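Everything below concerns the one structure shown next.
The values are calculated or read from the model by the stated rules, or taken from the named source; none is laboratory data. None of these values were measured; they are calculated from a predicted model. Backbone-built Cβ (ideal geometry, glycine too); neighbour counts: all protein chains shown. In case anyone asks, the SASA skips ligands and DNA or RNA and just uses the protein heavy atoms, side chains included. Shrake-Rupley method; radii C 1.70, N 1.55, O 1.52, S 1.80 Å.
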Amino acid sequence: MDSEQRLKKPTSIIPFGQQSQLRVLVVTAVPAERDAVLRALHRDPRFDVLVGGVGAVVAAVNTTKALVGGEYSLVISAGIGGGFPGRAEVGSLVVGTEIVAADLGAETSDGFNSLEKLGFGMTRILTDANLAKCITKALQDAKLPVNTGPVLTVSTVTGTSETAIELAARINDASAEAMEGFGVGFAALDRGLPVLEIRAISNIVGPRDRSAWRIKEALDVLEAACEVLTEVLA
């Protein structure tokens, strides 16, 4: 099986109850996110948590290293991120339905062309739909504010209303923005593994205003979400 086929056909891991040795790799960008996840997991031996670094490239490299060194059933890209207006408010969660490398392509006089349109590759990774649905319901049952939709991976964090509007118009139902998901996802799918992305929203995508960011609140809701994960992935 070539790499393109592996990327398109990740191994299904549903239902989890039929697996005797479930192992999950959770990849965060920075130590503060890792610490929030670890607090929630209470040393659950089924989970390993990796600080993969900021940006898709370093996240892909470090995720690949971790996957080579261990046998995993699922990879999760987790952390805080920006939420698109009207789709995900500050303090809420987004469970990704797909991971989109939103700025990987070419600008033209007619607008942005993705790698798919250029014929050079892929920019979208589908997450495990059944698992995403299951986790979303569990988060809702736990009274946590949660939305679903595409999570965008960007190399440059959006800092203007114009860019936010352009991204939302180009990618239907765009819900959150971060910098690592596509790298983590590509590493997982190259190993034939399913991937999820979960983002806790610390700010709204648009004009950059650090004073409006709510990082502590986002880390708190990320921790709460990961506590739910330990119950769902049983």
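Label segment 174-226 by shape, choosing from rounded, prolate and oblate, from the square roots a ≥ b ≥ c of the eigenvalues of the Cα gyration tensor; if a/c is under 1.5 it is rounded, and otherwise prolate applies when a/b is larger than b/c, oblate when it is not. Oblate is the answer for segment 174-226, as a/c is 1.5 or above yet b/c matches or exceeds a/b.
Available extension along the chain between Thr230 and Ala142 is 30.4 nm, counting 0.36 nm per residue and deducting the alpha carbon span. Got a number for carbon plus sulfur as a percent of segment 164-226's accessible area, 1.4 Å probe? That share works out to 54 percent.
Stretching the chain fully between Leu22 and Val61 yields a gain of 11.7 nm (0.36 nm per residue, less the alpha carbon separation). Compute log10 of I(q)/I(0) for the chain with the Debye formula, placing one identical point scatterer on every Cα and leaving out solvent, at q = 0.09 Å⁻¹, to two decimals. With one equal scatterer per Cα and no solvent, log10 I(q)/I(0) is -0.33. If the chain linking Asn172 and Ile215 were pulled fully straight, counting 0.36 nm for each residue of separation and taking away their Cα-Cα distance, it would gain 12.8 nm. Over 31 Å apart at the Cα level, from the set Lys65/Lys143; Lys117/Lys216; Lys137/Lys216, are Lys65/Lys143; Lys117/Lys216. Straight-line reach from Lys133: taking Cα to Cα under 18 Å and skipping same-chain neighbours fewer than 8 places apart, the aspartates and glutamates in range are Glu98, Asp141, Asp173, Glu197, Glu227, Glu231. Quick one: grab the alpha carbon gyration tensor of segment 123-234, order the square roots of its eigenvalues as a ≥ b ≥ c, and give me rounded if a/c is under 1.5, else prolate or oblate depending on whether a/b is larger than b/c. Cα axes put segment 123-234 in the oblate bin.
Near the amide H of Gly121, within less than 5 Å, lie the amide hydrogens of Glu116, all on another chain or at least 5 residues away, with H placed in the peptide plane. Here segment 44-102 exposes an accessible surface that is 61 percent carbon and sulfur, computed with a 1.4 Å probe and the other protein chains kept in place.
Remark: the chain carries 48 Å² of accessible area per residue (probe radius 1.4 Å; ligands, DNA and RNA excluded).
For the residues Lys143, Lys216, Lys133, a GNM of the chain with alpha-carbon springs under 10 Å puts the largest fluctuation on Lys143. Taking every C-alpha pair closer than 8 Å and separated by at least 6 residues, the mean separation divided by the residue count of the chain gives a relative contact order of 31 percent. Label-to-label distance for Asp44 and Glu162 is 4.5 nm, based on points extended 7 Å past Cα in the beta-carbon direction.
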